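See structure below.
Every number in this text was worked out from the coordinates using simple rules, so none of it is lab data. Note that the structure is predicted; figures quoted are calculated from it, not measured. FYI the Cβ positions are ideal-geometry reconstructions off the backbone, even for glycines, and counts take in every protein chain you see.
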Amino acid sequence: MPNSENAPVASAALDAEADWEARYQAGSTRWDRGGPSPSLERWMEVTALQPGARIVVPGCGFGHEVPALAGRGFHVVGLDVAPTPVRQLRREVSQAGLEAEVVQADMLAWQPETPADGVYEQTSLCALPPDQWPAYEHQLHAWLRPGGELFACFMQTGREGGPPFHCALPDMRALFTSDHWEWRDDVGRTDHTNGKYEQLYRLLRR
């Protein structure tokens, strides 16, 4: 008999996969820039990570940042719940002759085989309902080795509801607490054409 305690979690994961897959099938991906976000370059300007470091890109979608990081010599894992962007990203990585792992999985359940050195968090947190944020923060902490870097792009929408959900900075400070994280760098902001923007921070895993 399946564990009934796990049934709500499994059901939520299936619902998320179906929801995001429907968005990709419908071409409703207005958040996609068609190339790597400028936020990635901001991280590369301040990171202590060197080529060869292991980096996870959760909620990667079409994953423009995955080949960009792989091309710099990082070992990259792109992670997304929807099959359509995962298939496309795998093709692009292969056609570019790059090495990167692209995984279709629920990021609230997935764990890396080896602790990561860095996580590029851009569009995952704001895509999750806020009641799932504590579980996601726990995952990010679990994925990283002590001293590993979390580059967080906190979406600022200025409105209720989502996705994307507004990641108010006081709420982020309360979520990413000092017993788990050292807030190291305020790296400015990245603007979007729709009036939204991201506040960029580099955090270290304690």
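What to note about this one:
- Restricting the GluC sites (Glu not before Pro) of segment 75-180 to loop positions (DSSP other than H, G, I, E, B) with no more than 14 neighbouring Cβ atoms within 10 Å leaves Glu99, Glu113, Glu160.
- Annotation: the residues Ser178, Ser39, sorted from fewest to most other C-beta atoms within 10 Å of their own C-beta, follow the order Ser178, Ser39.
- Estimated from the Cβ-Cβ distance and a Förster radius of 25 angstrom, the FRET efficiency linking Arg189 and Glu160 is about 0.75.
- Per-residue 3J(HN,Hα) values for segment 107-115, derived from phi via the Karplus relation 6.51 cos²θ - 1.76 cosθ + 1.60 with θ = phi - 60°, read 6, 7, 10, 5, 9, x, 5, 10, x Hz in sequence order (x marks Gly and Pro).
- Ascending count of other beta-carbon atoms within 10 Å, so fewest first, for Leu144, Leu169: Leu169, Leu144
- For the peptides 49-55, 179-185, the ranking by mean Cβ contacts within 10 Å, running from highest to lowest, is 49-55, 179-185.
- Over all projection directions, the Cα-based convex hull of segment 110-206 averages an area of 6.1 nm².
- Residue order, fewest to most beta carbons within 10 Å, for Asp191, Asp131, Asp171: Asp131, Asp191, Asp171
- At full extension, His180 and Ala142 could sit 12.7 nm farther apart than now, given 0.36 nm per residue minus the alpha carbon distance.
- Lys/Arg +1, Asp/Glu -1 at C-beta; segment 60-206 dipole; positive extreme among Gly63, Thr123, Met155: Gly63
- Karplus (6.51, -1.76, 1.60) ³J(HN,Hα), θ = phi - 60°, over segment 194-206, in Hz, Gly and Pro reported as x: 8, x, 7, 8, 10, 8, 9, 9, 9, 10, 10, 7, 7
- Projected area, mean over directions - segment 70-138, Cα convex hull, nm²: 5.2
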